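Enquirer: This structure is in structure tokens; I'll ask about it shortly.
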Amino acid sequence: MNHTSRFQVGALVAGLAAALAALPATAQDSGDGEQLGNPDWNREIVLGGGSATGNSRILASALGRIITENVEGLRGSGAVSSGFDAESAIRTYQGEFQGGVGTPLIIANAVEGVDPFPEEGIDLAFWFYHNEVPLNVLARSDTGMTTIADLAGATVAMAPEGTSNYLLSEIVFEANGVSIDDIRVRTMDTSEAINQLQNGNIDAMSYVRDYSGAILELTSARDVTLLQPSEEAIAAISDEIPWSGPVEWPFGDRYPNLEVPEPGVVFISPEFMFLDASLPDDVVYAMTRAVWENIGIVNESSSVFSEVALEDALRRVPIEPHPGALRYYREMGVEGVEDYAGSQSE
């Protein structure tokens, strides 16, 4: 794709400025005063977040601001998506959104056309990784459970069937020899599950959740154990969903009263930005460059995103990246871009 630059010049070279202004606007460089984008694009870029008060909405809004302020011809915004990534994927399919915050299992199902998504699948592309959240399989210590395999016969709180929370828990349980049919599932949101575990009304809970003051309070009020996978399960899960880790339990110093048996690991759910794969390559290139050249806005938007960095952009990739984004990552030598040598942006 050919791009011609339009430079800002002073009044003394107005003739040259007029000549350059007549050329197509650039989607190239913004570091030396040039304007990314093209006024003829005239596009809305709506990115689905999550609930109105959640971190994902904060991220989507920060990205919308960066796009609006730095890419000519684009107007970016973050939108509430109470059904999180499943809703964002559907609304991208319907043309209302141009992408959103995603998790691997849900977005992979959307691409592959797994029910409840359209049978033909939704044409989505990976944009960039931004953080990961651990799956917390927590049990009352007085049950004697220390491993995930011990869950058989237990009463376990889980998120609704079909959610990323539920799907990841199901995979992890089954790799440890426990099917959903082997436990008594109680469906509830995370806050209620924490309360029910603290009150002794359930044996365990399994949810993807970042550091939480509510869990800290739980571990202070009752002895709680972080259940561990077997070595065989670790190998099986790593083969089935390699983006899930495992990783060392990241909150050892933040939950000092939580019992964490060996090997002290958890599986994780990465969160990433996805886009409508049909967005033109030059548009996505300009968006990508604008985001990473202004990533401080994202870093300052929430402590959750304080460490979002370009070098991690292609970490834990679950679906094909957008060629327009890959073009920028290739220019910047981002680790992992060599894995997509055949995905060139024209």
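Enquirer: Using only alpha carbon pairs under 8 Å that are at least six residues apart, calculate the relative contact order of the chain and give it in whole percent. Could you put the intermediate results ahead of the total?
Expert: Details: 701 pairs, mean separation 65.9, N = 346.
So the answer I get is 19 percent.
Enquirer: Counting only residues 5 or more places away or on other chains, whose amide H sits under 5 Å from the amide H of VAL133 once H atoms are built in the peptide plane?
Expert: Hits under the 5 Å cutoff: SER269, GLU271.
Enquirer: Something else now. Compute the Rg to Rh ratio over the chain from the alpha carbon atoms, using the Kirkwood formula for Rh, and round to two decimal places.
Expert: Working: Rg = 22.7 Å, Rh = 21.7 Å.
Looking at the chain, the ratio lands at 1.05.
Enquirer: With each label point set 7 Å from Cα along the Cα-Cβ vector, what nm distance links SER179 and ASN299?
Expert: Placing both labels 7 Å along Cα→Cβ, they lie 5.0 nm apart.
Enquirer: Kindly provide the helix-only [θ] at 222 nm of the chain, computed as the sum of -39,500 (n - 2.57) over DSSP H runs of four or more divided by all residues, to the nearest 500 deg cm²/dmol?
Expert: Details: 11 runs with 110 residues, N = 346.
Mean residue ellipticity at 222 nm (helix-derived): -9500 deg cm²/dmol.
Enquirer: Between region 269-305 and region 73-116, what is the separation of their alpha carbon centroids in Å?
Expert: Rounded to whole Å, the Cα centres lie 15 Å apart.
Enquirer: Here's another thing I want to ask about it. What share of the DSSP beta bridges in the chain is antiparallel, in percent to the nearest 5?
Expert: Numbers: 23 of 43 bridges.
In the chain, DSSP labels about 55 percent of beta bridges as antiparallel.
Enquirer: If you wrap a convex hull around the Cα atoms of region 279-345, how much volume per residue is inside, in Å³?
Expert: Roughly 93 Å³ of hull volume per residue.
Enquirer: In addition: To the nearest 10 degrees, how steeply does helix 55-70 sit against the main Cα axis of the chain, on a 0 to 90 scale?
Expert: Between the helix axis and the principal axis of the chain, the angle is about 10 degrees.
Enquirer: Sticking with this structure for a sec: How much length is gained on full extension from THR68 to ASP239, taking 0.36 nm per residue of separation minus their Cα-Cα distance? Write out the running numbers ahead of the final one.
Expert: Values: separation 171, 0.36 × 171 = 61.56 nm, distance 4.06 nm.
Full extension of this stretch gives 57.5 nm more.
Enquirer: So what are the radius of gyration and Dmax for the Cα set of region 26-150, in Å?
Expert: 18.8, 65
Enquirer: Calculate how steeply helix 164-175 sits against the longest principal axis of the alpha-carbon atoms of the chain, using the helix alpha-carbon long axis, and give the answer as 0 to 90 degrees to the nearest 10.
Expert: 50 degrees
Enquirer: Determine Rg/Rh for region 132-269; Rg is computed over alpha-carbon atoms and Rh is the Kirkwood hydrodynamic estimate from the same atoms.
Expert: Using only Cα positions, Rg/Rh for region 132-269 is 0.91.
Enquirer: Something else now. May I ask you to order 78-84, 322-328 by the average number of other C-beta atoms within 10 Å around their residues, highest value first?
Expert: Highest-to-lowest ranking by the protection proxy: 322-328, 78-84.
Enquirer: Relative to 2.2 N^0.38 Å, what does the C-alpha radius of gyration of region 65-113 come to as a ratio? Two decimals please.
Expert: The value comes to 1.27.
Enquirer: Can you tell me the order of 201-210, 142-151, 293-302 when each peptide is scored by its average per-residue count of other Cβ atoms within 10 angstrom, highest first?
Expert: Values: 201-210: 22.0, 142-151: 18.1, 293-302: 16.1.
Ranking the peptides 201-210, 142-151, 293-302 by packing returns 201-210, 142-151, 293-302.
Enquirer: Now, a different point. Just order 111-117, 313-319 by mean Cβ neighbour count inside 10 Å, highest at the front, would you?
Expert: Numbers: 111-117: 13.4, 313-319: 20.9.
Going from most to least packed, we get 313-319, 111-117.
Enquirer: Helix 323-332: angle to the longest alpha-carbon principal axis of the chain, degrees 0 to 90, nearest 10?
Expert: Tilt of helix 323-332: around 80 degrees.
Enquirer: What do the square roots of 5 times the Cα gyration tensor eigenvalues come to for region 143-185, in whole Å, largest first, as semi-axes of the equivalent ellipsoid?
Expert: Values for region 143-185, descending: 17, 11, 9 Å.
Coordinate-derived values only; no laboratory data. The structure displayed is predicted, hence computed values, not measured ones. Cβ sites come from the backbone with ideal geometry, for glycine too, and all protein chains shown count toward neighbours.
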